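A.B. asks: This is the structure I want to talk about, given as C-alpha cells.
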Amino acid sequence: MQPSKHLRTYTIFELERIATEQLRCLPKPVIIPIDVEYLVEQLPCVDLDHYRCLRDNHQLDGMVGTDQDTGDIVIYIDENLATSEKLLRRYRMTVAEEFAHLILHRKAIEAVTNPQDFYELRKLPNWYEYERNAKRLAAMILMPSELVLAYSRELYREFVNSAGFQNPPAIKNFLAGKLADRFEVSVQAMKIRLDEWPIKVFDKIDQAMKDGLDFLD
C-alpha cells in the first residue's frame with residue numbers, strides 16, 4: 001500500500017472546524033459527556049468492535065482497518081480496555097482518537113487489513129504529525145470549545161465568590177478536575193484543552209484574577 005499520498009496535516013483552525021461539523025451529528029441539545037460511540041454509528045459502513053489482546057500482542061489500545069469480508073471500516077478497541085469500567089475515560093479517548101483518524105485519514109486507513117498494516121502505517125516519517133492531529137481532533141470532539149468555556153465561566157464564578165482571588169493555580173486545578181469529571185476525560189487531557197486555542201481558559205483566569213473580576217471574558 002502507499003498510504004502516504006493520502007495523508008496530510010491540518011491546522012488547529014481546520015481541526016476546530018471539522019470538530020464542529022462532526023458535533024452537528026449529535027441530537028440537540030448536546031448532552032455532556034459527548035457520546036462518541038453515537039458519532040461512530042453515524043458514519044456509513046463503519047463499525048465499532050473489540051479486539052482480543054490488541055494491547056498485549058500489538059501494543060495498541062485501538063486501531064482502524066478494513067474488514068476483508070464486508071469491505072466495511074472497523075474501529076477496533078482492545079477488549080480489556082473496552083470492558084473495564086475503571087478505564088472508561090481512556091476508552092472514550094481511544095475511540096475518539098480512532099474516530100478522528102478515520103475522519104482525517106480515511107483513504108490511507110482503507111488499505112489497513114490487520115495490525116501489521118497499521119503498525120507499518122505508524123512508521124511513516126510524518127506519522128507523529130498525523131497522530132497529533134488525530135489526538136487534537138479527538139480532544140476537540142470530547143471537549144467542545146463552547147461548552148467547556150461555558151462551564152468554565154460557571155465554575156470560576158462559583159470558586160472566586162467563595163475563595164477569593166489569591167490562588168490562580170488552585171482554581172485551575174479545581175476547574176480541570178471538575179470539568180474532567182463532567183466530560184469524562186482525564187484531568188491531563190482537560191488541562192491541555194483549557195490551555196489551548198480557542199478556549200485559553202487558563203489565560204482568562206490569570207487575567208480575571210489579576211483584575212479582581214468574578215467572571216471570565
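A.B. asks: If you scan the stretch 154-203, which residues turn out to be hydroxyl-bearing (S, T, Y), part of a helix (DSSP H, G or I) and surrounded by fewer than 16 Cβ atoms within 10 Å (Cβ to Cβ)?
C.D. replies: S162
A.B. asks: On the basis of being surrounded by 20 or more Cβ atoms within 10 Å (Cβ to Cβ) and either touching a Ser or Thr at 6+ places or on another chain (Cβ under 6 Å) or among the charged types (D, E, K, R) (or both), does R136 make the cut? Show your work before the answer.
C.D. replies: Working: surrounded by 20 or more Cβ atoms within 10 Å (Cβ to Cβ): yes; either touching a Ser or Thr at 6+ places or on another chain (Cβ under 6 Å) or among the charged types (D, E, K, R) (or both): yes.
So R136 fits the description; yes.
A.B. asks: Which condition number does V160 fail, the rest of (1) touching a residue at least 12 places away in the same chain (Cβ under 8 Å); (2) in the same structural domain as E41 (by TED's automatic domain parsing); (3) more than 18 Å from the chain's Cα centre (by Cα) being met?
C.D. replies: If we test V160 against (1) touching a residue at least 12 places away in the same chain (Cβ under 8 Å); (2) in the same structural domain as E41 (by TED's automatic domain parsing); (3) more than 18 Å from the chain's Cα centre (by Cα), just (2) comes out false.
A.B. asks: Test S145 against the stated conditions and say whether it is among the polar types (S, T, N, Q) and within 18 Å of the chain's Cα centre (by Cα). Working first, answer last.
C.D. replies: Details: among the polar types (S, T, N, Q): yes; within 18 Å of the chain's Cα centre (by Cα): yes.
The answer is yes for S145.
A.B. asks: Here's something else I'd like to know. Within the group L54, L60, L39, which residue is touching an Asp or Glu at 6+ places or on another chain (Cβ under 6 Å) and among the aliphatic types (A, V, I, L, M)?
C.D. replies: None of the others qualify; the one that does is L54.
A.B. asks: I would also like to ask the following. Exactly one of these conditions fails for K123: (1) touching a Leu at 6+ places or on another chain (Cβ under 9 Å); (2) surrounded by fewer than 18 Cβ atoms within 10 Å (Cβ to Cβ). Give me its number.
C.D. replies: (1)
A.B. asks: Of the residues that sit in the stretch 38-72 and are of a type in the set (D, E, K, R) and in contact with a helix residue (DSSP H, G or I) (Cβ under 6 Å, 6 or more places away or on another chain), which one is surrounded by the most Cβ atoms within 10 Å (Cβ to Cβ)?
C.D. replies: D61
A.B. asks: Scan I75, I18, I32 and give me the residue that is part of a loop (DSSP other than H, G, I, E, B) and of a type in the set (A, V, I, L, M, F, W, C).
C.D. replies: Step by step, each of I75, I18, I32 is checked, and only I32 is part of a loop (DSSP other than H, G, I, E, B) and of a type in the set (A, V, I, L, M, F, W, C).
A.B. asks: Filter the stretch 152-173 for residues that are over 13 Å from I199 (Cβ atoms) and either among the small types (G, A, S) or in contact with a Leu (Cβ under 7 Å, 6 or more places away or on another chain) (or both) and give the result. Let's see the steps before the verdict.
C.D. replies: Filtering the stretch 152-173 down to residues over 13 Å from I199 (Cβ atoms) leaves 154-155, 157-171, 173.
Scanning the stretch 152-173 gives L155, S162, A163, G164, A170.
A.B. asks: Scan the stretch 82-102 for residues that are surrounded by fewer than 21 Cβ atoms within 10 Å (Cβ to Cβ) and not small (G, A, S) and jot them down.
C.D. replies: Listed by number, the residues that qualify are T83, E85, K86, L87, L88, R89, R90, L102.
Here is a yes/no grid of residues against (1) touching a residue at least 40 places away in the same chain (Cβ under 8 Å); (2) farther than 22 Å from L179 by Cα; (3) among the aliphatic types (A, V, I, L, M):
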| residue | (1), (2), (3) |
| --- | --- |
| E14 | no, yes, no |
| L26 | no, no, yes |
| V30 | yes, no, yes |
| H50 | no, yes, no |
| G62 | no, yes, no |
| V74 | no, yes, yes |
| L81 | no, yes, yes |
| V95 | yes, no, yes |
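A.B. asks: How many residues are closer than 26 Å to E196 by Cβ, at pLDDT below 95 and part of a loop (DSSP other than H, G, I, E, B) if we restrict to the stretch 95-151?
C.D. replies: Matching residues across the stretch 95-151 total 3.
The values are calculated or read from the model by the stated rules, or taken from the named source; none is laboratory data. The structure presented is a predicted model; accordingly, all values stated were derived computationally and were not measured. FYI the Cβ positions are ideal-geometry reconstructions off the backbone, even for glycines, and counts take in every protein chain you see.
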